[in-house]
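Novice: Have a look at the structure that comes next, please.
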Amino acid sequence: MSLFYVVGFGLKVGHLLLVLCCWIVSIIYMNWFNNSGVMDTKIFGNSCKIHQQYYQYIGSKKVRRHLWRKLLLIWVLGWTMASLWILCYMTFQATEKRKETLASMCDERARMLQDQFNVSMNHIQAMSILIATFHHAKNPSAIDQRTFARYTERTAFERPLTSGVAYAVRVLHSEREQFEKQQGWTIKRMDTLEPSPVREEYAPVIFAQDTISHEDRENVLRARELGKGVLTAPFRLLKTNRLGVILTFAVYKRDLPSNATPNERIQATDGYLGGVFDIESLVEKLLQQLASKQTVIVNVYDTTNHTHPIAMYGSNVSDDGFHHVSSLNFGDPFRKHEMHCRFKQKPPWPWLAITTSIGILVIALLVGHIFHATVNRIAKVEDDYREMMELKKRAEAADVAKSQFLATVSHEIRTPMNGVLGMLHMLMDTDLDVTQQEYVRTAQGSGKALVSLINEVLDQAKIESGKIELEAVLFDLRAVLDDVLSLFSEKSQEKGVELAVYISDQVPELLVGDPGRFRQIITNLMGNSIKVNLHCQKFTDKGHIFVTVHLIEEVVNSIEVATSQNTLSGFPVADRSQSWKGFSTISQEGPLGSFSSSSSERITLIVSVEDTGEGIPLEAQSRIFTPFMQVGPSMSRKHGGTGIGLSISKCLVGLMNGEIGFVSTPKIGSTFTFTAVFTNGCPTSNECKSQQINNQPNLASSEFQGMTALVIDPRPVRAKVSRYHIQRLGIHVEIASDLNQGLSIVSSGNLVINMVLVEQEVWDRDSGISSQFINNTRRIDRSVPPKLFILVNSGSSSRTSSVTGLHNPTVITKPLRASMLAASLQRAMGVGNKGNPRNGELPSLSLRHLLLGRKILIVDDNSVNRTVAAGALRKYGADVVCVNSGKEAITSLTPPHQFDACFMDIQMPEMDGFQATRRIREMERLVNTGEMPLEGLENRSSWHVPILAMTADVIQATHEECLRCGMDGYVSKPFEAEQLYREVSRFFPSS
C-alpha cells in the first residue's frame, strides 16, 4: 500500500515541478525576448503565437551555456539538500508517530486493567457489607463456613479475577480462650500453622473459599484504620506459585461517618475480609481481549519502593530504544503500581521517507536532465526553425493555391452548368412532345447529378480545411422534409418503394439552425437508401424507406420493438435502438439525467432513416464513414456515387453538436440515426402562430378546419404517418383497420366523416367489399356523402382505375406531403385553390406576386448566364435589364435610378463584383449624407438598392467577402425558381 502511495505522491510532485519549471523558463525566455525588442505580444496570448515567437527568439539569440551549467549545478545541489531534509523530517515524523501509538496502546491497557480490578474490588467490598449484616448483626449468625463457601462459589463469576476469598474475625487476647472453646480449634499462624503467640488481638479466619498461606499484619491494621481496601505486597500464591496480592476490607460493627477517626474505626472493627488476586492471570486475560497484544510487551511493577521495584508481570526483554510508562491506581494510596510498555519488534526502516526523498531527487535530476538536453538542442532548433519557416511558407502557398484552384474549378464548371440547366429549364416551358420532354428531363437529372458531385467534393475540401460553418436561421423542419420527399418521390415510385416521413407532435413548428445542411444530411442518407434499394431484388415486390424525427427524450424512454407487424411496409427491419446505443449523451448520463434538465430553448432531435434494403456487409461496417470508401469493390459500379456522402454527414452532425450511428443486418436492411441540437424558434404557441417563413401560407387552411377524415389502414405505423400529414391541414383524423370497421364508424352518426382515405392494400383485397363500401356510403342520409380516396405507392397502378359502381374513388399517390395532399383534397372536394403545383416547387403565382413590375438589373460577363437569369426573372413578370461589366453596373445604379434590385456576378474582367459593389455603396453613402446632393430627391430619405451576389464560387470565404463589401444576399449558380424566391422575398413585400 505504501508503494502505491509513494508512486502517486512522486508523480504528483514531479508533475508540479515540471509545470513550475517550464513556466519559469518560458517567463525567462519571454522577458529576454521582450528586452531584445523582437516580441511585442503578451506572454499568455495565443499558444500558436507563443511558439512562433519562441522560435523567432531562438533563431535570433544564442543561449549562454555556461550560465545554464551553473544553474544546473545549483539545481542538483539544492534538490539533494532538499531530499536529505525530507528524509530526516519524515523519519522524525515516523518516530513520533510510533511513540504516540505506543503511548495510546499502553494507556488503553492500563485503563482496562484498572477498570477490571475496580469491578472485582467492588464485589469484595459488597461481600464485607454482607458479612456485617448477616453474621455480626444477627444472633445467631446466618452465615457459617458451609454457607460462605457455597455463596462465594456461586458468585465467583462476578469476581473472575480473584482466586480466593476469606473472612478473619477480630479476637482480643481476653476473648481468645472463649473463642477457641467455641470454635473447637486453636488460633494458629498462617505461615507455619503453629499456635499463635500471645498478642493483644488476633485475626483468625473463620470463613474461607480457598486456603491462603500469607499473613500481613500491617496490611490488616492499615485496612481498619483507613476504612478502604488496601493491598499487600506481591507474594507467591500457594497453589499456582504465581505472584498475587491480597485486597483487604475491614468489617465494622456499625455504620461509621465518613469523618470517623482511626481510633473510632479500630474500636468498631469486627473482622477483615480479604480477596486474593492473581496479577499474572489478570494481565493475561486483559491482553487476550486485545487484537494487538502480540505487538506490545507489557510489564507491571509495584513501585512502592522506587529503589527496588517488584516485577508483578512480564519478563525482561531487550529494549528497542524507547518505552512508555502508565500509572496504575488500584485504590490503595500507599502502594504504587506502574505499567511499562514497549514494542516487541524493532522499528522498521523508514521506507516511505527513503523512497519519497529518492523519488523527489530522481524527478529533480530528470527535470535537470531535460533542461540540459533542451539547452544542448537549442542550436539544432535554430536550423530547424529556419527550415520550418520555409516549409510553413510553402504550405501556406499550397493552401492558397488549393483554395484558389477549388474556387476557379468551381466557378468554371458551375458557370456553364448554370447555362445548361437554365436553358433546359426554359426549354421545358416550350411545346415539346413526350419523347422530347423525357430527353430534357434526363439531361436535367444528369446536370443536377454533376452539380451535386461538385458540391460534395467542395464540401469535403472545406471539411479538411476546417472552413465549413453553419448558419443560424429560422426554418420549418416539416417543410424541409417535404422538399426532400419531393426530391426522391419519382425514384421511389419507379420501384414501388414506400417512402414516408413522420415528425413527432412534440417537435416545435419552427427551429433555429442551418436548414440547408440539415437537408444535406437527410438527402445523403435517403439517397444511399434509394440507390441500394433500387438495386435490391427484394424490392421488386415492396419495401420502404421511413424517416422519423422525435425529441431525443421521447425515443430513449420508448420501449417499442419493431416487428414485421408494426413496420411501414410489413417487412422486418433492423432494431433501430441499436443505432444509437453508442451515443455518449445516452449511454453515459441516461435519458433522464441528460435531457430533463436542459433549457427549454435547446432542442435535441433524434432522426432515423430506416430502410429494408440489402443491408451492409459485416466486414464493411467499420469503414462506412471513411471518405471515398465503398462497402465493396463492386458497389461503386453497382450503385454509383463517390463514397463521401456519409463522411460529410458525420462532420455536419458533429458541427450540430450531435452524433451519428447505424445498425445494419444483411438481407434485412439498415437504419441510420443521428442527433442534432437546435434552438426552439417558438418557445410559446403564440409565437409559432405569429411567425411565418419565407411568406409561405399556413398549411392548416381555413377550408379544411372542422373536417374529419377516416383513414382505413391495417398497419398502425403507416396509419400514423397518414394521420400526421392529414392533421397538418387542420383535419381531425379517425383510424380503422378494415372496410367493415370503417363503414361502422361512418354509419354510426357519432362523427360527420367528410372524407375516407383507404390504403390500396385494403381496397384491392376484396373487390366485392370495396363495391359494397361505396354503395353503403352513398346511402347514408346526408346531403353530401364522404369523399373517397385511395392511397397508392405508384401512379401506374391500374387496379384502382376501374371500381364497380357509379362513383370511382380519387387516387392520391404517395409519398404524402402536406402541399400535395392539400391540392388533391381541394381539387376533389371543390374547396379553396384547385391548382396542383408540381412537387418540390413553389407556386409560380407567389413569385409573380413578388416580382411583377419590379425592375431588376443583371450584371454578368457571360451572355449565357445573362440569358438564363433574365429568362427566369421575366417568366415571373419582372422588368429585366442586363449589362456585362462592373463599370456599366455602376453607371446604371448611380442615383437617381429606378432599379429595385441587382443580381451581380463576382468574377468579371476589369472590375469584379466586389469592387463594383463597394463603389455603389460609397455613392449611396454620399447621397444619403448630403455630400453629393441630387435635385428632386428631397422625398427619399435613403438610397440602398439590394445587391445579390450571383456566382458559381461556393467557398465560404467568398460568401463572407460578399457580406463585407456590402452585398445583401448570395445566390450560387446554377439557381432555380426556389432560390430566387427565397432571396427576393427578403426585400420585396408580397403584393
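The values are calculated or read from the model by the stated rules, or taken from the named source; none is laboratory data. Only a predicted model underlies this, so the values are computations on that prediction, with no experimental measurement involved. For neighbour counting, all protein chains shown are included, and Cβ atoms are generated from backbone atoms with ideal geometry for every residue, glycine included. For accessibility, only protein heavy atoms count, side chains too; no ligands or nucleic acids. Shrake-Rupley method; radii C 1.70, N 1.55, O 1.52, S 1.80 Å.
Novice: Quote to one decimal, in nm, the extra length available between Ala373 and Ala401 on full extension: 0.36 nm per residue of separation minus the C-alpha distance between them. Each step should come with its number before you reach the end.
Specialist: Values: separation 28, 0.36 × 28 = 10.08 nm, distance 3.95 nm.
Result for the pair: 6.1 nm of gain on full extension.
Novice: Further, regarding this structure: Heavy atoms of the protein only, probe of 1.4 Å, neighbouring chains included. What is the accessible area of Met388 in Å², nearest 10?
Specialist: Near enough 80 Å² of accessible area.
Novice: If you don't mind, another one. Based on the alpha-carbon gyration tensor of region 107-342 and its eigenvalue square roots a ≥ b ≥ c, which shape applies: rounded if a/c is under 1.5, prolate if not and a/b is larger than b/c, or oblate? Don't skip to the answer; put the middle values down first.
Specialist: Values: a/c = 1.98, a/b = 1.93, b/c = 1.03.
Prolate.
Novice: Using a cut-off of under 19 Å, list every residue of region 458-482 whose amide N is near the label point 7 Å from the Cα of Leu655 along the Cα-to-beta-carbon line.
Specialist: 458-477, 480-481
Novice: Taking 41 Å as R0, compute the FRET efficiency from the Cβ-Cβ separation of Val677 and Gln705 and round it to 0.05. Don't jump to the answer; show the numbers that get you there.
Specialist: On the way: r = 34 Å, r/R0 = 0.84.
My answer for the efficiency is 0.75.
Novice: Same structure again: At 1.4 Å probe size, put Lys814, Lys70 in order of accessible surface, largest to smallest. Please report the intermediate quantities before stating the final value.
Specialist: Values: Lys814 15, Lys70 125 Å².
Accessible-area ranking of Lys814, Lys70, largest first: Lys70, Lys814.
Novice: Could you tell me which of rounded, prolate or oblate describes region 396-465, using a ≥ b ≥ c as the square roots of the eigenvalues of the alpha-carbon gyration tensor, with rounded for a/c under 1.5 and, failing that, prolate when a/b is larger than b/c and oblate otherwise?
Specialist: Cα axes put region 396-465 in the prolate bin.
Novice: Can you give me the orientation-averaged projected area of the convex hull built on the Cα atoms of region 400-524, in nm²? Numbers along the way, then the final one.
Specialist: On the way: hull surface 41.9 nm².
Over every viewing direction, the Cα hull of region 400-524 projects on average to 10.5 nm².
Novice: Here is a follow-up. According to a simple spin-label model (label point 7 Å from Cα along Cα-to-Cβ), what is the distance in nm between Ser141 and Thr408?
Specialist: 13.3 nm
Novice: Still on this structure: In nm, to one decimal, how far is the Gln288 label point from the Leu470 one, both placed 7 Å along Cα→Cβ?
Specialist: 7.7 nm
Novice: To the nearest 10 square angstrom, how much accessible area does Ser315 have with a 1.4 angstrom probe?
Specialist: Per-residue accessible area (Ser315): approximately 70 Å².
Novice: Report the FRET efficiency, 1/(1 + (r/R0)^6), for Asn329 and Glu175, where r is their Cβ-Cβ distance and R0 is 45 Å, rounded to 0.05.
Specialist: 0.75
Novice: In what order, largest first, do Cys882, Cys88, Cys902 sit by accessible area if the probe radius is 1.4 Å?
Specialist: Values: Cys882 55, Cys88 90, Cys902 0 Å².
Heavy-atom accessible area, descending, gives Cys88, Cys882, Cys902.
Novice: Between Leu450 and Ala620, with labels modelled 7 Å along Cα→Cβ, what's the label distance in nm to one decimal, could you check?
Specialist: Reported label-point gap for Leu450 and Ala620 is 2.8 nm.
Novice: Starting from the Cα of Glu201, move 7 Å in the Cα-to-Cβ direction to define the label point; list residues of region 224-262 whose amide nitrogen is under 11 Å from there.
Specialist: 224-225, 251-253
Novice: If you rank Trp79, Trp943 by how much accessible surface each has, with a 1.4 Å probe, what is the order from largest down?
Specialist: Final ranking, largest accessible area leading: Trp79, Trp943.
Novice: Additional query: Structure shown: which of Lys239/Lys336; Lys467/Lys855; Lys70/Lys380; Lys402/Lys650; Lys495/Lys667 lie over 28 Å apart, alpha-carbon to alpha-carbon?
Specialist: Flagged as over cut-off: Lys467/Lys855.
Novice: What relative contact order, as a whole-number percentage, does region 243-371 give when Cα pairs under 8 Å and 6 or more residues apart are counted?
Specialist: Rounded, it is 20 percent for region 243-371.
Novice: Turning to a different aspect of this structure: Work out how much length Val480 to Glu382 would gain on full extension: take 0.36 nm times their residue separation and subtract the Cα-Cα distance, in nm to one decimal.
Specialist: Values: separation 98, 0.36 × 98 = 35.28 nm, distance 5.68 nm.
Value of the extension gain: 29.6 nm.
Novice: Please report, in Å, the Rg and the Dmax of region 72-189, where both are computed over Cα atoms only.
Specialist: My reading of the Cα-based Rg and Dmax gives 31.4, 104 Å.
Novice: Using only Cα atoms, locate the centre of region 493-534 and the centre of region 155-200, then give the distance between them in Å, rounded to an integer.
Specialist: Centre-to-centre distance over Cα atoms comes out at 114 Å.
Novice: Another question about this same structure. Once ligands and nucleic acids are excluded and a 1.4 Å probe is used, how much of Tyr313 is accessible, expressed in Å² to the nearest 10?
Specialist: The accessible area comes out at roughly 40 Å².
Novice: Where does each of 441-452, 611-622 land if you order them by average Cβ count within 10 Å, highest first? Show your work: numbers first, answer last.
Specialist: On the way: 441-452: 15.0, 611-622: 18.1.
Going by the mean number of other Cβ atoms within 10 Å, highest first, we get 611-622, 441-452.
Novice: From the residues Thr240, Gly229, Leu256, which one has its Cα farthest along the dipole of region 214-256 in the positive direction, the dipole being from +1 and -1 charges on Cβ of Lys/Arg and Asp/Glu about the Cα centre?
Specialist: Of the listed residues, the answer is Thr240.
Novice: Sort region 849-893 into rounded, prolate or oblate with this rule: let a ≥ b ≥ c be the square roots of the eigenvalues of the Cα gyration tensor; rounded if a/c is under 1.5, and if a/c is not under 1.5, prolate when a/b is larger than b/c, oblate otherwise. Working shown, then result.
Specialist: Values: a/c = 3.93, a/b = 1.47, b/c = 2.68.
Oblate is the answer for region 849-893, as a/c is 1.5 or above yet b/c matches or exceeds a/b.
Novice: Subtract the Cα-Cα distance of Arg918 and Ala311 from 0.36 nm times their separation in residues, and report this length gain in nm to one decimal. Walk me through the intermediate numbers first.
Specialist: Values: separation 607, 0.36 × 607 = 218.52 nm, distance 11.07 nm.
Gain in length upon complete extension: 207.4 nm.
Novice: Suppose R0 equals 41 Å. What FRET efficiency, 1/(1 + (r/R0)^6) with r the Cβ-Cβ distance, do Gln772 and Arg848 give to the nearest 0.05? Write out the running numbers ahead of the final one.
Specialist: On the way: r = 48 Å, r/R0 = 1.16.
FRET efficiency, Gln772 to Arg848: 0.30.
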